[in-house]
């Protein structure tokens, strides 16, 4: 026996087998215990419960949902809400973060001071605390009866924020979002495919045309999807104790969007700042020597280089930020995580629901990383054009 | 750029305040405009903040009625001066709260000491933290030396936050080293399995991991292994921490020139000597800034245990302003709790930035 173990290959095989085996053993023990516990509680394992109706309400939903809807639909509502929140908050965080990052590297003392304060203030306080803070502020807005509309027809009330909207079917909104996404992807693809040989002016014209087409398609989608017998534009108006018409943004969604985009922006700003600092000074100086204006140097040289430098870090940051959307449960925003935890309470199908939660996050996060890595591969500089 | 070239400090022209102001704030016409707009913005924010937080504010304890009738809209710090004990100590028995306070101070001292380079060795740092943690636990738990016993159910406030943080760090760090070593193991199946585990855990939200360990684990574990809910959450969090930290350590190892390990091998050092004396010390040095950053994030995210139902500093802050006679002062309470976090996190992150400059990692 001892002689066999002296053989290195045997030893390594035994070691690896033991390691993988012990992990499998843990999983098996979990499964067996869970099965025994389930039987003791009189529950049947399996995913059959997904067809049962839930019996609980969801306050915010992008698709048709009622208390008699099945579990799978409730989970779908949660996933869509999480994606919706991410789709709003992540771009906002990017815009704000890039702005602050640029401020911090602008060379203007006052802008740098404001940027630094913003970053230090919002990066050093837990997200959940910020979320509760914004939520408390939003709930403290005047009641709909006392709220005065601002900017014409936007009403800031403690029950939500009312903005003018279009009376169109949900499908049209979805189609419009899809068209814009497609146009964005297409413009990136066009650029990547023909980049080295494409003249700057032609590229601008081509992309401009693409966006005009996309906007026309969006308008057409809205027009085709308008709801019959209602005005196309719906404006919120005070009626009785509440506002009618327009689109109501609930305080929960609003607080999540504000908190996540500000918290994310503070992190993104630091990443962007590091990116700008990593762009070699000579690049900007060469631009100066060629007689480019400050704005041209910024928009044509420093920003594109900085974005390419920070792209890998940014991708991790986006995945991390998307995971942070689960925080919505603290103020009862019905995201993916909250739907799952409610479903666990109601149905007792713990293991199945946890499995759904984990695989859902794995799929979403890997997709985000995959798409952004493709974007990164498309825009990254080839060869040795950038020497750092 | 060549790696090593002497840095010659430029002779700066003598500056007075005026030229400095001009170059920093009013270099061009656009700079002047930006400066003025931002200065006005800052002045407006500062003015409203000072008015709200200081001039119109109520500070005296037990002045809830005054605040309620006060229509100036100033801050009501009365809620803090009346109920700060709940925020700091939670449900800890009133007569014993000095123990909780000393325990917190001990951990803060441990944290400050571990910033001194003298403690940065594989023996001293774990010893310091274990000793500090033991003192913390004995003080908090009691039951020895004539101290009344206070079980974990009654811990709360800042001391619970610090306890969770310290326990996660103490448990997570060795685990992270083990994970990192397994991850770069030369045995393919061990490396692959570990990589899979690390990647999966890293792509899950911390909240779902805490939730799973708190609620689901008793369901799948054989009886007698479940333990207290608090410790289950700590183990889950430590696992999450370890997966992130393992990748950071691995990054530090990858930055090492291969020659280091080869030279150690050539000298006939065994695996544990190579890892313990050559690889890990240098890897940690490389990975110091991201490690500090990881601690910063870990401290902030302890606040997530609120959602699982623990009474940490966040939850106790909410509870302190959650009663009917104080519910109008929620924002003030959040500001107070935010300040507590800010003090800890800001000093830690500044220290990280200082280290980064000192180690010259940011400079290439």
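Restricting to region A:333-355, and then to whatever is assigned to a loop (DSSP other than H, G, I, E, B) and modelled with pLDDT of 85 or more, can you tell me which residue is farthest from the other protein chains (Cβ to nearest Cβ)? Can you show your working first?
Applying the first criterion (assigned to a loop (DSSP other than H, G, I, E, B)) to region A:333-355 yields A:333-335, A:348-349.
Pick out the ones that are also modelled with pLDDT of 85 or more and you get A:333-335.
Values: A:333: 12, A:334: 15, A:335: 10 Å.
The selected residue is A:334.
Looking at region A:216-330, what helices (runs of 4 or more DSSP H) fall wholly within it and have at least 3 residues that are under 27 Å from residue A:133 (Cα atoms) and out of contact with any strand residue (DSSP E or B) (no Cβ under 6 Å at 6 or more places or on another chain)?
Counting at least 3 such residues, we get A:251-278, A:303-324.
Could you tell me whether region B:275-285 includes any residue that is without any contact (Cβ under 8 Å) to a residue 24 or more places away in the chain and over 25 Å from residue A:316 (Cα atoms)?
Yes, there is a match, as at least one residue in region B:275-285 is without any contact (Cβ under 8 Å) to a residue 24 or more places away in the chain and over 25 Å from residue A:316 (Cα atoms).
Could you please let me know if residue B:249 is away from chain A (no Cβ under 14 Å), under 25 Å from residue A:25 (Cβ atoms) and touching a residue at least 40 places away in the same chain (Cβ under 8 Å)? Please lay out each step first, then the result.
Values: away from chain A (no Cβ under 14 Å): yes; under 25 Å from residue A:25 (Cβ atoms): no; touching a residue at least 40 places away in the same chain (Cβ under 8 Å): yes.
When the stated conditions are applied, residue B:249 does not pass them.
Residues in region B:194-211 that are at the interface with another protein chain (Cβ under 9 Å from one of its Cβ atoms) and crowded, with 19+ Cβ neighbours inside 10 Å: how many?
8
State whether the residues of region A:156-164 include one that is farther than 30 Å from residue B:32 by Cα, surrounded by fewer than 17 Cβ atoms within 10 Å (Cβ to Cβ), out of contact with any strand residue (DSSP E or B) (no Cβ under 6 Å at 6 or more places or on another chain) and within 12 Å of chain B (Cβ to nearest Cβ).
No, that holds for no residue.
Checking residue A:106 against (1) farther than 30 Å from residue A:262 by Cα; (2) crowded, with 16+ Cβ neighbours inside 10 Å; (3) facing chain B (nearest Cβ under 10 Å), which test does it fail?
Unmet for residue A:106, out of (1) farther than 30 Å from residue A:262 by Cα; (2) crowded, with 16+ Cβ neighbours inside 10 Å; (3) facing chain B (nearest Cβ under 10 Å): (1).
Would you mention how many residues in region B:30-81 are assigned to a loop (DSSP other than H, G, I, E, B), more than 14 Å from every other protein chain (Cβ to nearest Cβ) and touching a helix residue (DSSP H, G or I) at 6+ places or on another chain (Cβ under 8 Å)?
Result for region B:30-81: 7.
Residues of region B:183-199 being within 16 Å of residue B:252 (Cβ to Cβ) and assigned to a helix (DSSP H, G or I), which ones?
Filtering region B:183-199 for residues within 16 Å of residue B:252 (Cβ to Cβ) gives B:183-184, B:198.
Across region B:183-199, the qualifying residues are B:183, B:198.
Go through region B:277-364 and tell me which helices (runs of 4 or more DSSP H), entirely inside it, have 3 or more residues that are more than 24 Å from residue B:214 (Cβ to Cβ) and within 10 Å of chain A (Cβ to nearest Cβ).
Output list reads B:330-359.
If the requirement is being in a helix (DSSP H, G or I) and away from every other protein chain (no Cβ under 12 Å), which of these qualifies: B:167, B:122?
On the way: B:122 fails: in a helix (DSSP H, G or I).
Among B:167, B:122, only B:167 is in a helix (DSSP H, G or I) and away from every other protein chain (no Cβ under 12 Å).
The values are calculated or read from the model by the stated rules, or taken from the named source; none is laboratory data. These numbers come from a predicted model, not from an experiment. Every residue, glycine among them, receives a Cβ derived from its backbone with ideal geometry; neighbour counts consider all protein chains shown.
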